[in-house]
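Student: Below is a structure I'd like to ask you about.
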Amino acid sequence: MRAVDQWQLIERNLPEDWEEAQLAFVPEDPGQLSAAAGVLGPLGAGRAGGELRFQVRNAAVGGPEAVKNILRTIDRKRLWGTLRLVDARAVTPSVETPRAPGPSLADAWDAALETLPPTWSDLLCELEVGSSDYLWRAALLGAPLNPTRNPDALALRFRVARTKGYGAPPGLVRRCLERMDADGITGTVTVLNALSETDNVYTQGPVWRVAGRSV
């Protein structure tokens, strides 16, 4: 029986949900093993004793059809032999473990403020979003915070001033984060730097230097 016909018979008997099959081709003439290996080379065939073994993935580009075309070449070159199924693996259904929803951005902001001393006056904060799809929308909804992009992460940085100086009031920060929560944006809020009881003398507020740059 031609090699391509043997493959079609094997394929018909594979389970419908097969994902990967391992095959072995044994030439009738052991002297033709090298010639057969050259033809089956594109399938990644390797020698195992007197036979050639290779794998076929059902979902791969070309997949079973590519095997059929190469086995037709085997037949055209009259490299007769036996094709057999060594092993087959079915698709393993993936089970997703439901993830517990994290705190809302507004709640995360409240929790961050609770860790600060009661005398805090100025903050440098960062909002890191859970997806690049959220970044532009978070910047839009957080526009009153005058955010700047952190180029090293999917994050926006903003300043907060408790009573005076340059920065958004903490209540405004919460309202912006509530709008992001309502829009389905997820992420984390972090206080990067905090100062207490600053006195703005001829300035609008403190200046932080991050990676050698003023922010």
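Throughout, read-outs are computed from the coordinates displayed, never taken from laboratory work. These numbers come from a predicted model, not from an experiment. All Cβ positions, even for glycine, are placed from backbone atoms using ideal geometry, and neighbour counts span all protein chains on display.
Student: Contour minus end-to-end for residue 78 and residue 35, with contour as 0.36 nm per residue of separation and end-to-end as the Cα-Cα distance?
Tutor: Working: separation 43, 0.36 × 43 = 15.48 nm, distance 1.05 nm.
This chain segment gains 14.4 nm when fully extended.
Student: May I ask for the angle, rounded to the nearest 10°, between helix 132-141 and the longest principal axis of the chain, with both axes built from Cα atoms and the value confined to 0 to 90°?
Tutor: Tilt of helix 132-141: around 20 degrees.
Student: Scanning the chain for GluC sites (Glu not before Pro) in DSSP loops with at most 12 other Cβ atoms within 10 Å, what's the longest stretch left with none?
Tutor: 97-196
Student: Still on this model: Using a simple spin-label model with points 7 Å from Cα along the Cα→Cβ vector, what separation in nm is obtained for residue 66 and residue 188?
Tutor: Distance between the two pseudo-spin positions: 4.0 nm.
Student: Still on this structure, please answer the following. Given a cut-off of under 8 Å on Cα pairs at least six residues apart, what relative contact order in percent is computed for the chain? If you can, show how the numbers build up before the last one.
Tutor: Details: 329 pairs, mean separation 43.3, N = 215.
Computed over the chain, the figure is 20 percent.
Student: Something else: Taking the Cβ of residue 166 as the centre, find all other residues whose Cβ is under 13 Å away and add up their charges (Lys, Arg: +1; Asp, Glu: -1). If you can, show how the numbers build up before the last one.
Tutor: Values: positive: 159, 162, 164; negative: 122.
So the environment of residue 166 carries a net charge of +2.
Student: Follow-up question, since we're still on this one. Got the relative contact order for the range 3-90 handy, in percent, Cα pairs under 8 Å and 6 or more residues apart? Could the numbers behind the result be given before it?
Tutor: Details: 138 pairs, mean separation 43.3, N = 88.
Relative contact order for the range 3-90 comes out at 49 percent.
Student: Next question, about the same structure. Averaged across orientations, what area in nm² does the convex hull of the alpha carbons in the chain project?
Tutor: So the Cα hull casts an average projection of 19.5 nm².
Student: For the range 3-90, what size does the Cα cloud have along each of its three principal axes, sorted from largest down, in whole Å?
Tutor: Ordered largest first, the range 3-90 gives principal extents of 37, 24, 21 Å.
Student: Could you tell me what a quarter of the Cα convex hull surface of the range 105-197 works out to, in nm² with one decimal place?
Tutor: Computed as one quarter of the Cα hull surface, the answer is 5.3 nm².
Student: Same structure again: Using a Gaussian network model of the chain whose springs link C-alpha atoms within less than 10 Å, name the residue from 27, 103, 144 with the highest mean-square fluctuation.
Tutor: Greatest mean-square fluctuation among the candidates belongs to 27.
Student: Work out, step by step, the length gained on full extension between residue 19 and residue 86: first 0.36 nm times the residue separation, then minus their alpha carbon distance; give nm to one decimal.
Tutor: Working: separation 67, 0.36 × 67 = 24.12 nm, distance 1.41 nm.
Residue separation times 0.36 nm, minus the Cα-Cα distance, leaves 22.7 nm.
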